[in-house]
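Only one structure is covered here, and it is reproduced in the block below.
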Amino acid sequence: MSKQPIGIFDSGVGGTSIWKEIQTLLPYENTIYLADSAHAPYGTKSTDAIIELSIKNTEYLIKQGCKLIVVACNTATTNAINTLRNTYNIPFIGIEPAIKPAALNTKTNAVGILATKGTLSSALFSKTSNLFANHITVIEQEGNGIVELIENGKLHSKDMRSLLELYLTPMIDAHIDYLVLGCTHYPYLMPLLVDLLPSNVKIIDSGEAVAKQTKSVLGKTNLLNSTLEIGEHAFFTNGNPSIMTSLLNPECHVEYLDF
Ligand code: DGL
């Protein structure tokens with residue numbers, strides 16, 4: 001069982017930012033990555049629709065024999081992970097916006113959070129935000145349009161720069177000193193964000209924490225791959241494989257799959 005792959009899914013290519021963290025921390029693990037790009041973005045869909053798509057992705061990965069599933073999507077985690085955990089008998093690791101460290105460390109008492117509508121409106125996000133960030137100003141911004149641009153291969157475009165300028169201005173005006181990235185597509189915006197934000201603003205995401213949590217859960221459940229051979233990785237997308245390949249190392253092979 002421990003040689004079985006870790007399954008990872010996202011609404012599209014963004015979760016590859018999480019796959020990279022997992023692969024760095026757990027180089028002997030085999031992985032299968034599923035990008036549901038044909039149904040992206042998830043962030044503007046209803047909770048029921050997000051749950052239905054998350055079940056579809058999970059069932060595919062379970063059929064491939066995955067021993068654990070990483071929901072590498074904040075929107076799917078905040079809307080569907082409870083249902084997945086209650087339905088399937090394998091461990092699930094989710095990703096949520098890292099609002100806690102931002103709220104604990106801010107000096108200006110103002111933090112920005114960029115996430116999808118689906119994440120910001122979820123009960124899970126409200127709960128975390130109320131628990132840790134009640135005492136500070138939180139500027140919540142829906143990142144409408146960002147996922148679509150990345151999914152269409154327009155990461156480095158004028159449109160992306162204009163969108164980010166629009167979304168960051170109210171945060172800069174409110175003197176945030178932390179920006180929380182609440183979507184796994186957003187780490188790919190890092191160079192642009194650094195360019196647009198004042199130099200004192202720290203940008204945080206949850207990718208490394210997810211990889212650490214994955215390692216910890218695999219350890220506790222005796223599922224760590226004890227074979228000391230570099231892991232094998234399969235990438236599937238129901239979108240355009242070349243857009244996904246452009247975000248990965250050239251040796252990663254991405255296959256089209258109709259699912
Ligand atoms: N990567 C997904 C997330 O973390 C994007 C959601 C979407 O497709 O809107 O939320």
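Rule-based calculations on the coordinates, nothing more; no lab input. Since the structure is predicted, the reported quantities are computational estimates derived from the model, not experimental observations. Using ideal geometry, Cβ is built from the backbone for each residue, glycine included, and neighbour counts are taken over all protein chains shown.
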Calculate the spin-label point distance for S162 paired with I230, positioning each point 7 Å from the Cα along the beta-carbon direction, and give it in nanometres.
4.3
Just from its helices, what would the mean residue ellipticity at 222 nm be for the chain, if runs of 4 or more DSSP H residues each count -39500 (n - 2.57) and the sum is divided by every residue, rounded to the nearest 500 deg cm²/dmol?
-12500 deg cm²/dmol
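Taking each pair of different alpha-carbon atoms in region 79-144 once, compute 1/r for the pair, average those values, and report the inverse of that mean as the Kirkwood hydrodynamic radius in Å to one decimal.
13.1 Å is the Kirkwood radius here.
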Folded to 0 to 90 degrees: helix 123-132 orientation relative to the chain principal axis, Cα
60
Can you flag which of K67/K215; K63/K220; K107/K202; K3/K215 are past 19 Å Cα-Cα?
K63/K220
Label point 7 Å beyond Cα of S126 along Cβ direction - residues of region 21-58 with amide nitrogen under 20 Å:
43-51
Spin-label point model (7 Å from Cα, Cβ direction): what's the N89 to V194 distance in nm?
4.8
Note, region 34-48: 3J(HN,Hα) by Karplus (6.51, -1.76, 1.60, θ = phi - 60°), whole Hz, Gly/Pro = x, goes 10, 10, 8, 4, 4, 10, 6, x, 7, x, 9, 8, 6, 4, 4
Please work out the ratio of the alpha-carbon Rg of the chain to 2.2 N^0.38 Å and round it to two decimals.
0.97
Check: C-alpha center region 1-55 vs C-alpha center region 131-183, spacing in Å is 22
Computed FRET value (nearest 0.05) for T137 with L25, which takes r as the C-beta separation and R₀ as 41 Å
0.75
Give the cross-link partners of K117 among the aspartates and glutamates, using a straight C-alpha distance below 13 Å as the criterion and excluding same-chain residues fewer than 8 apart.
E140, E142
Cα-based Rg of region 120-185 normalised by 2.2 N^0.38 Å, two decimals:
1.26
Cα principal axis extents for region 49-173, largest first, Å:
49, 37, 22
Volume in Å³ per residue [convex hull over Cα atoms, computed for region 155-259]:
169
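Suppose we take every Cα in region 1-113 and form the convex hull; what volume per residue is that in Å³?
Once divided by residue count, the hull of region 1-113 is 121 Å³.
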